[in-house]
Amino acid sequence: MTPADIAKRHIESTRIIAILRGNVREHALRIGEILVASGITAIEVTTVSPGYAEIIRALAARFSESAAIGVGTVLTQEHLLAAVGAGASFVVSPNTKPCIIRQTRDMGLASFPGAYTPTEIVTAMECGADAVKLFPAAGLGPGFVRALLGPFPDWKFVPTGGIHLENMDGYFDVGAYAIGVGSELVGRNELTTLDEDAFAHKARAFAVKARRTRR
């Protein structure tokens, strides 16, 4: 089983990718422990987070059997190689960049490039993407996912951006493969003063609601 296969298995178990963005280093391991214990087994660390490669390395070592650790906001080959060297198993970008998609797949990792238009989506899939991150989802809505699954019924979409506990089921109801959730799940409070009980309650709420809605 390749790293891509393992990553997709973990993502599909809850269908939530928790996105860590910003100054996450201080609480990254504890945040990861709470997420995994709550049932969210896919964690993305963005390249805009200081020390992102070291954070990925620590998370990948801690959760080598229980979660998929990926890298987000991958815009360059340098980002990709640093994350791969640290142990990332999936790669997420905000845009569609064919060379990044192909290199990610050549390395055996799962590729989730970002797209906004049908043309970008087709380009991403033709380059070998495992699924397409629809970004920013807040400007598209669940209806866009439903519309895309008309001409592309077998393709997988990961809406990301502006998704929270109150609207996430709308995306699953229309057939989203997974969702990416950033500050609505791991926000400023978690990155500064981590209230473990409150965060665990929130993470469990996301996980339970995701499991209630199956594609």
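Where a number appears in this text, it was derived from the coordinates with a stated rule and is not lab data. Remember, it's a predicted structure, so these values are computed and weren't measured experimentally. Please note: Cβ atoms are built from the backbone with ideal geometry, for glycine as well, and neighbour counts cover all protein chains shown.
With charges only on Cβ, +1 for K and R and -1 for D and E, what is the dipole size of the range 99-215 about its Cα centre, in debye, rounded to 20?
With Lys and Arg at +1 and Asp and Glu at -1, about 280 debye.
Please find the FRET efficiency linking residue 62 to residue 106, where r is the Cβ-Cβ separation and R0 is fixed at 30 Å, and quote it to the nearest 0.05.
According to the calculation, E is roughly 0.65.
By the scheme Lys and Arg +1, Asp and Glu -1, what is the net charge of all other residues having a beta-carbon under 15 Å from that of residue 136?
0
Below 8 Å, C-alpha to C-alpha, sequence gap of six or more: please give me the relative contact order for the range 11-56 in percent.
Over the range 11-56, the number comes to 50 percent.
FRET efficiency for residue 154 and residue 75, Cβ-Cβ distance as r, R0 = 25 Å, nearest 0.05?
Efficiency at R0 = 25 Å is approximately 0.30.
Return P(r) of the range 101-215 (all Cα-Cα pairs; 5 Å bins starting at 0; whole %; ordered from short to long distances).
The distribution over the range 101-215 is 2, 12, 20, 19, 17, 14, 10, 4, 1, 0, given as percents.
Under the classification rounded if a/c is under 1.5, otherwise prolate if a/b is larger than b/c and oblate if not, where does the chain fall, given a ≥ b ≥ c as square roots of the Cα gyration tensor eigenvalues?
Since a/c reaches 1.5 but b/c is at least a/b, the shape of the chain is classed as oblate.
Checking the cross-link filter: which lysines have an alpha carbon closer than 17 Å to that of residue 133, excluding same-chain neighbours under 8 positions apart?
Candidates past the 8-residue exclusion: 8, 97, 156.
Counting other C-beta atoms within 10 Å, which of 204, 30 has the fewest, and how do the rest follow?
Neighbour counts put them in this order, fewest first: 30, 204.
At R0 = 30 Å, how high is the FRET efficiency between residue 147 and residue 211 if r is their beta carbon distance? Nearest 0.05 is fine.
0.70
Are there any GluC sites (Glu not before Pro) in the range 118-215 that are in a DSSP loop and have at most 11 other Cβ atoms within 10 Å? List them by number.
166
Tell me the GluC sites (Glu not before Pro) within the range 1-53 that lie in a loop according to DSSP and have at most 11 other beta-carbon atoms within 10 Å.
26
Treat the count of other C-beta atoms within 10 Å as a stand-in for reagent exposure and order 101, 17 from fewest to most.
Least to most surrounded, the residues fall as 101, 17.
Can you pull the one-decimal nm distance between simple spin-label points at residue 138 and residue 165, each 7 Å off the Cα toward Cβ?
Placing both labels 7 Å along Cα→Cβ, they lie 1.9 nm apart.
Could you grab the relative contact order for the range 3-212? Cα pairs under 8 Å, six or more apart, rounded to a whole percent.
22 percent
Just to be sure I understand the model, the point goes 7 Å from the Cα along the line to the Cβ. What's the resulting residue 188 to residue 12 distance in nm?
3.9 nm
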